[in-house]
Structure formats: structure tokens, C-alpha cells
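So the structure is just underneath, and the comments pick up after that.
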Amino acid sequence: MKVIILAGGSGTRLWPLSREFYPKQFLKFKELKNKSLFQLTFQRALKITDNLDDILVITNENHKFLVMGEIEELGYSYNENNIIVESCSKDTLNAIGLGIERIGDDESGLFLSSDCLIKDDTNLINSLDKAQSLAYNSLVLFGISPTIPHTGYGYINYDLDSFDVLDFKEKPNESLAKEYIESGYLWNAGMFLFNKKVFLSELSKVDVSLSNLIRDKNLFENFNDVKKNSVDYGLLEKSSNISVVPLDLEWNDLGSFDAISEEFLDEFTNDSNLVLDGNLIEENSNNNFVKTDCDKVVGLCDVDDLLIVDSDDALMICKKSSSGKIKQIVNKLKESNDERLKFHTTVYRPWGYFKILDSSKTHKVKRLSILPGKSISLQSHTKRSEHWVVVSGEAYVLNGEKEFVLKQNESVYIPAQNKHKLSNNSDLVLEIIETQTGEYFGEDDIIRYEYECGREN
């Protein structure tokens, strides 16, 4: 059995914490011992198999280097070929299809979502023998007992004796969700065990072309052309051959600020306010959610039921009851092509990361941290020049036709159009202050002539 981790989501409901290039599965929380949900999922996979080559990760190009870095941070050397990179977002049915394409004809794949919190996975691991026996004849879901009539989850009605799924309903309205809970339905936990033969057989009944692409191992090459579809709507709601394994565990998808509040309420409550980070000073203020920089003081006077999420470049304030409307803010940022939807002021790259220190219409200042043995690809810019100052470490620089080493406090000017490359060949982190001047500073003003770390960067 292969364990396949789905790690391509964008987590827009948690903006501005979650961004397109740094979504919620990679966010680290103090109460999780500063591990991300992805890292916890990878550790869960290692409890199921101790063979790293039996663990596959499906993600997109933007997150591939994050996946590698998160696994390295856990202390494992992971084969980059085990990361399946989607060329574009086509939702979960097609992502799962990529995983099915990579496993043996008689093999099963356990698909784990990387953005759900499971504090104790003992019951899940102990249930896998039962799940595998069911997977030889049916598609297998994992279900958990619902706590509220949530309208964002799938609901499962099943036979208590045979574990056959009698009905699967994705994202019902609140009225139906209440009926389902009263009738004993389970939530779909977003984890699946699919035998390849059974999966292809069931898929062929509803989408012959996709089934054939997977069977012939042509899905990866034709991924841009397939129809976007979720596994819930595209297969599970249409199949009559599904089983479910009920799980007894605490599960939270942390997909909204309401879900985070529910999960961490007892641990981070300041009087009657939930404070994840920041130093709250309040006067007659209750039931507020506060997340900001650890050292920032937040003062609240005579306000109740507010969601306050502050970052370097964005501030979200809304009534807690209106947190579902954050997606409308995200849509407006999309319409204006605002980069703050994609990036934090700290942006992670295969070579390390950079932090934006200052920005205007005529300049941008960044602090670059290049990890040992890493390089920024050979590139040039058409609309900006750059000036590099070494803060610490040694920089190996290619500037036009010249190659040289810069040490601490030394600098170099990179004119627009000049090909240039920056490398760290030492064992220490290289810190650079980069000042850009010109008329445009977007990440798309980069012409690359070679690539480092297996991706554009």
C-alpha cells in the first residue's frame, strides 16, 4: 500500500494568514510544537509505512520546494521523484488520479489530506486492516461523528453491519445537515483508500476518458486538458459501490477562523478573548479573536465578537459571524491582481527565503537568506536594477561576464539587462540586502536562463 499525501490546496478562507504561495497546510502553530499540518501528516504516513519510497506527495509547482523543505526540517532525506507536481489546479479527483497512476495495478493507495488536524491517529492506523479488506471490492471512505451541522463537509449514511455507504451528500444546506446528523450520518474525513482496479472500474462508469488516461498512464502528460472536478462530486456522489470505516478521533480541518477558534479556545483564551499571538490589552471587550505578531500590543476597548488578523502587509477585521465573507475579499484581491493574495512579506523559495523590508513606486528593499549550498538561478531583469550588500556570509556572484566573491559589508551593482547569479557555497546562511530600483518590481520581470532546485525561482 502506498500512502499519498494531497498537499496542493490554497486555503483562501484563512487570508491573510494563508496565501497562495504559503497556504494553511504549511502554517506552523505554537500549540502543535511549531509543526505544520503537512509535517504532522507526513509523520502520520511514517507510522503507516517506514519506507519513504512508499510515501508520495501531490502538490503544485509553487509548493514543491516547501514540501522538500518541510520534510528536510523533520530530518528526512526525501526523493524528489516521489513528489508529483500538478501543472495546474484541477481539484481532488484529478489529483487522486495522478496518485492512482503511480501505483501498481493490484495495489491500493491511502490518500491523506495534508490540511486537517488529527491529534491522535491511533484509531485511524488501527482501522487500516479493516479498510484494506473493504478496498478489494469497494471505494473506501473514513467517517467521523459530526459535532455541528457544518455545510462545508460531505455526509455519509451507511449500513451499520456491512459498512456499505447508502447515501453520500456533499455540502448540504444547514437544514439538511441537521437532518443528516439526527439520522446518524458521518462526516467525510477527506481520507480515502482506493484499490487501483476498483477505482478505475468505478470511475469508468462516470468518466470514461479520465479512467482511460489513468489506466494508460497518460494523465500526467494531459493534465492541462482534463475537466476540473472534485472526487466528492465527480465520483463519490455518483458511485453505488462505496464503503466507510467509522473513526473515533478528534478531527478538525482548520479551514476557517471559526474552526481555529473552536480548536484552540481552551489553550489560548485571554479572559473571554482568543489570542493566538500578540499581547492583548482589553477594556470591556469580549469574544474577540486576535492573531498578530508575537511582540505587537493590541488594545481593544468596548468591542465584542471581532475577528482581528494582522500581518506585516495586511489587516483583516470583521465580525466573527461574517468570517465566511472573507472569500469575497479574496475575490476582490484577485480582480485587482494584488500580490498580497499570493505572497507574504516573507516569501519562501527553493534557495531559502526573502523578506520585503520596504517598498514604493520607485524602489523595493529585500533581505535575502540563501541556504548553504543553494543558488538563485541565472537571470536578468528588464525593468529594474539591483544593488546587493552582504550582511553575513560569502556570496559567489556572476554579474555579466565577471565572477567574484563578496564578503561581509561588500556590495555590487547589477544593471538592468545584465545576466546575474548568486550562490552560497559555504556551510553558513548567506544574508544579503537587495535594493531594487526602476519602474516595475513584479516577480514576472525575471528572465531565467537556467533553473536551480528543480523549479523556477
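The values are calculated or read from the model by the stated rules, or taken from the named source; none is laboratory data. In this text the structure is predicted, and so the values were computed from the model without any measurement. In this analysis, Cβ positions are derived from the backbone assuming ideal geometry, glycine residues included, and neighbour counts consider all displayed protein chains.
Quick notes
- Residue check, Arg19 within 26 Å of Ala259 (Cα to Cα) and at pLDDT 95 or above: no
- Hits in the range 78-87 (condition: out of contact with any Phe, Trp or Tyr (no Cβ under 7 Å at 6 or more places or on another chain) and either in contact (Cβ under 8 Å) with a residue 12 or more places away in the chain or under 18 Å from Arg215 (Cα atoms) (or both)): Tyr78, Asn79, Glu80, Asn82, Ile83, Ile84, Val85
- When the criteria are applied in full, Arg340 meets the requirement of being closer than 24 Å to Gly69 by Cα and part of a helix (DSSP H, G or I).
- Options Phe38, Phe65; residue that is in the same structural domain as Gly109 (by TED's automatic domain parsing), in a helix (DSSP H, G or I) and touching a Cys at 6+ places or on another chain (Cβ under 8 Å): Phe65
Residue by residue, here is whether (1) free of Cβ contacts under 8 Å to residues at least 60 places away in the same chain; (2) in contact with a helix residue (DSSP H, G or I) (Cβ under 8 Å, 6 or more places away or on another chain); (3) not assigned by TED's automatic domain parsing to the domain that holds Leu46 holds:
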{"position": "Leu117", "(1), (2), (3)": "no, yes, no"}
{"position": "Asp129", "(1), (2), (3)": "yes, no, no"}
{"position": "Tyr136", "(1), (2), (3)": "no, yes, no"}
{"position": "Leu139", "(1), (2), (3)": "no, yes, no"}
{"position": "Gly143", "(1), (2), (3)": "no, no, no"}
{"position": "Tyr158", "(1), (2), (3)": "no, no, no"}
{"position": "Asp161", "(1), (2), (3)": "yes, no, no"}
{"position": "Leu166", "(1), (2), (3)": "yes, no, no"}
{"position": "Asn173", "(1), (2), (3)": "yes, no, no"}
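- When the test is whether a residue is assigned to a helix (DSSP H, G or I) and surrounded by 18 or more Cβ atoms within 10 Å (Cβ to Cβ), Gly255 does not pass it.
- Residue in the range 398-409 that is of a type outside the set (A, V, I, L, M, F, W, C), surrounded by 15 or more Cβ atoms within 10 Å (Cβ to Cβ) and part of a strand (DSSP E or B) present: yes
- Residue match in the range 46-56 (condition: more than 30 Å from Asn126 (Cβ to Cβ) and either modelled with pLDDT of 90 or more or in a helix (DSSP H, G or I) (or both)): no
- Subset of the range 32-68 (residues that are polar (S, T, N, Q) and closer than 16 Å to Gly99 by Cα): Thr59, Asn60
- Among the residues listed as Ser209, Ser243, Ser201, Ser261, the single one being not assigned by TED's automatic domain parsing to the domain that holds Ser114 and not in a loop (DSSP other than H, G, I, E, B): Ser261
- Contact map, the range 212-241: residues that are at pLDDT below 95 and of a type in the set (D, E, K, R) paired with residues that are in a loop (DSSP other than H, G, I, E, B) and surrounded by fewer than 17 Cβ atoms within 10 Å (Cβ to Cβ), Cβ distance under 7 Å, separation 6+ or inter-chain. Pairs shown: Lys238/Val206.
- Among the residues making up the range 217-236, those that are exposed (fewer than 15 other Cβ atoms within 10 Å of the Cβ) and part of a loop (DSSP other than H, G, I, E, B) are Lys217, Asn218, Glu221, Asn222, Lys227, Lys228.
- Answer from Ala189, Ala177, Ala131 - the residue that is in a helix (DSSP H, G or I), modelled with pLDDT under 95, under 25 Å from Asn252 (Cβ atoms) and in contact with a Ser or Thr (Cβ under 9 Å, 6 or more places away or on another chain): Ala177
- Residue in the range 214-234 that is within 28 Å of Ile156 (Cβ to Cβ), touching a Leu at 6+ places or on another chain (Cβ under 6 Å) and of a type in the set (D, E, K, R) present: yes
- When the range 204-216 is filtered for residues that are hydrophobic (A, V, I, L, M, F, W, C) and surrounded by 18 or more Cβ atoms within 10 Å (Cβ to Cβ), the ones remaining, listed by number, are Leu210, Leu213, Ile214.
- Annotation: Gln379 fulfils all but one of (1) more than 32 Å from the chain's Cα centre (by Cα); (2) assigned to a strand (DSSP E or B); (3) of a type in the set (S, T, N, Q); the unmet one is (1).
- A Cβ distance below 6 Å, combined with a sequence gap of six or more or placement on separate chains, defines the contacts here; from the range 265-284, residues that are under 15 Å from Ile308 (Cβ atoms) and surrounded by 11 or more Cβ atoms within 10 Å (Cβ to Cβ) reach residues that are among the charged types (D, E, K, R) and modelled with pLDDT of 85 or more in the pairs Leu276/Lys291; Asp277/Lys291; Gly278/Lys296.
- Applying the condition of being within 17 Å of Ser230 (Cα to Cα) and not in a helix (DSSP H, G or I) to the range 89-109 and asking which residue is nearest to the chain's Cα centre (by Cα) yields Ser89.
- Among the residues of the range 237-252, not one is acidic (Asp, Glu) and crowded, with 18+ Cβ neighbours inside 10 Å.
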